[in-house]
Amino acid sequence: MAKKNIYLITPNTLDKSFYYFLPKLLKLNRIAFLQIRLKKISRTKLIEEVKKIKKIIGKKTKIIINDFPDIAVLLQCDGCHLGQRDPQLQLVKKKFKQLKIIGATCHNSKRLALQAVKNGASYIAFGSFFKTTTKKTKFRATPSLLRWAHNKIKKPVVAIGGINEKNYKTLLDNGANYIACSGFVWKNKQYNPIQALQKLK
C-alpha cells in the first residue's frame, strides 16, 4: 500500500484544471495534507474556494489553511499553517483552541524549530531544500537538518521547496516525514498532475 507522505500545496490560482485533477489525485491515496495557499484573493473568495475544496476532500486528507486560523476554524478545517511573519503560534493556539493542527515554517533554523515545538506546533516545515519558482526563498535547508530534527524533535517534519522526482528520496531518507509539493504537481511541463504525483513513489 502506498504511503501517505505527500503534503500537497494548492497552486496560487485555482482554475478548472485544479478542480478536475484534485479528486483524481486524492484517489491515489498518497496525500496526507492539502494546504490551501491563496495569497492573492479576497477573504470572501478564499472562503468560497475552501468550501468548494471541502466538498471534494474526504476525511482521509487533512485540510490546512495557510495564514488564516480564523477561516480554518470558521469552516471547520483541520488546521492552519503559520509563517514566521504570521501571528505568533502561542497566540493562535490560545485563541483558536478548536484547531487540531498548527504547522510552523522554520526555514533552515534549529532555533526556530525548537521554539515552535516549545510553543505547541503540531509539525514543522523546513526549506527551501532546492531551487523553486513557487515562491521567493531566502533560506536554504540541507538534509543534515532533517537528520538533526529526526533525532531532536518529536514532531513530524515537512520538507519543502523545489522537490521533484530526482531529489525527493534524499529528503525521505534523511528523516523527512512528508514532502511538500506544489509546482512539481501543478505546473509541470512534462507531466500532468497525476503522472507527477506517481513519480514520487
Seminar exercise, completed: Residue-ordered couplings for region 10-24, obtained by feeding phi - 60° into the Karplus form 6.51 cos²θ - 1.76 cosθ + 1.60 and rounding to whole Hz (Gly and Pro as x), are 5, x, 5, 10, 9, 10, 4, 4, 4, 6, 6, 7, 3, x, 5
Seminar exercise, completed: Taking protein heavy atoms only, a 1.4 Å probe, and rounding to whole percent, the accessible area of region 9-108 owed to carbon and sulfur comes out at 53
Exercise. Full extension from residue 100 to residue 115: what is 0.36 nm times the residue separation minus their Cα-Cα distance, to one decimal in nm?
Worked result: 3.5 nm
For this session: Filter the cross-link list 118/166; 52/97; 62/152 down to pairs whose alpha-carbon distance in this structure exceeds 29 Å.
Result: 118/166
Problem set entry | Where the chain is the region considered: accessible area per residue in Å², 1.4 Å probe | 56
Exercise. How large is the dipole of the chain about the Cα centre if only Lys and Arg carry +1 and Asp and Glu carry -1, each at its Cβ, rounded to the nearest 20 debye?
Worked result: 140
For this session: Would you kindly state how much longer the chain becomes between residue 19 and residue 190 on full extension, computed as 0.36 nm times their sequence separation minus their alpha carbon distance, in nm to one decimal?
Result: 59.6 nm
For this session: Provide the convex hull volume over Cα atoms per residue for region 115-161, in Å³.
Result: 79
Problem set entry | Spin-label pair residue 133/residue 55, simplified geometry with 7 Å Cα→Cβ offset, distance in nm | 3.3
Exercise. Which entry in (1) 48, 42, 33; (2) 50, 43, 29; (3) 41, 40, 33 is this structure's computed Cα extents along the principal axes in Å?
Worked result: (3)
Exercise. Between region 73-87 and region 33-68, what's the alpha-carbon centroid distance in Å?
Worked result: 11
Problem set entry | Contact order relative to length of region 1-139, as percent, for alpha carbon pairs under 8 angstrom and 6 or more apart | 15
Problem set entry | Built amide H within the under 5 Å cut-off of residue 65, gap 5+ | 36, 79, 80, 81
Exercise. So how strong a dipole does region 147-190 carry about its Cα centre when Lys and Arg Cβ are +1 and Asp and Glu Cβ are -1, to the nearest 20 debye?
Worked result: 120
Seminar exercise, completed: Expressed in Å to one decimal, the Kirkwood Rh of region 20-97 from all distinct alpha-carbon pairs is 13.2
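The values are calculated or read from the model by the stated rules, or taken from the named source; none is laboratory data. Keep in mind the model is a prediction, meaning the values are calculated, not measured. Cβ atoms come from the backbone with ideal geometry, glycine included; neighbour counts cover every protein chain shown. These area figures cover heavy atoms from the full protein model, side chains too; ligands, DNA and RNA do not enter into them. Shrake-Rupley method; radii C 1.70, N 1.55, O 1.52, S 1.80 Å.
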